[in-house]
Amino acid sequence: MHGYNFIPINRLYRERLLFLGQEVDSEISNQLIGLMVYLSIEDDTKDLYLFINSPGGWVIPGLAIYDTMQFVQPDVQTICMGLAASMGSFILVGGEITKRLAFPHAWRQ
């Protein structure tokens, strides 16, 4: 794989690391919801980590992510890196109240 940076995304999922790195739409929403529910079933005692770099997006898919974060048993730690605007910032504050983080140069709008 010369010239390519390969990221084993399934390995990241096994470590309970989830990423919202795009505009919120129904496709990414359904993917994140499925992962949160699956990982919650696998082990409901280990936190989930949601890294956010999003300009926002659609309301209904964003609310579905937010509601799932409140529903699953494990705490969801939210980390803003880059940008969390509009629906992205709403999802950011949906993380467990004592487990929210923004990197020093991140933008929260």
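The values are calculated or read from the model by the stated rules, or taken from the named source; none is laboratory data. For clarity, every value in this text was computed on a predicted model and none was experimentally measured. Cβ placement follows ideal geometry from the backbone for every residue including glycine, while neighbour counts extend to all protein chains displayed.
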- Restricting the first residue to region 28-44 and requiring it to be closer than 14 Å to VAL76 by Cβ, which pairs with a second residue that is among the charged types (D, E, K, R) meet a Cβ separation below 7 Å and a spacing of at least six or different chains? LEU39/ARG16
- Query: When only residues in region 37-73 that are of a type outside the set (A, V, I, L, M, F, W, C) and either part of a strand (DSSP E or B) or modelled with pLDDT under 95 (or both) count, which is farthest from GLY21 (Cα to Cα)?
  - Reply: TYR49
- Message: Please go through (1) surrounded by 15 or more Cβ atoms within 10 Å (Cβ to Cβ); (2) within 19 Å of TYR13 (Cβ to Cβ); (3) among the hydroxyl-bearing types (Ser, Thr, Tyr); (4) out of contact with any Lys or Arg (no Cβ under 8 Å at 6 or more places or on another chain) for TYR49 and return the number of the only condition it doesn't satisfy.
- Response: (4)
- Within the bounds of region 91-98, is there any residue that is touching a residue at least 40 places away in the same chain (Cβ under 8 Å), crowded, with 20+ Cβ neighbours inside 10 Å and assigned to a loop (DSSP other than H, G, I, E, B)? yes
- Close pairs from region 59-83: first acidic (Asp, Glu), partner modelled with pLDDT of 95 or more and buried (at least 18 other Cβ atoms within 10 Å of the Cβ), Cβ under 9 Å, at least 6 apart: ASP67/ILE33; ASP67/GLY94; ASP75/LEU48; ASP75/GLY95
- Query: Is one or more of the residues making up region 74-87 at pLDDT below 95, charged (D, E, K, R) and not in a helix (DSSP H, G or I)?
  - Reply: no
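Take LEU101 and decide whether it is out of contact with any helix residue (DSSP H, G or I) (no Cβ under 7 Å at 6 or more places or on another chain) and under 22 Å from ARG11 (Cα atoms).
On the way: out of contact with any helix residue (DSSP H, G or I) (no Cβ under 7 Å at 6 or more places or on another chain): yes; under 22 Å from ARG11 (Cα atoms): no.
In short, no.
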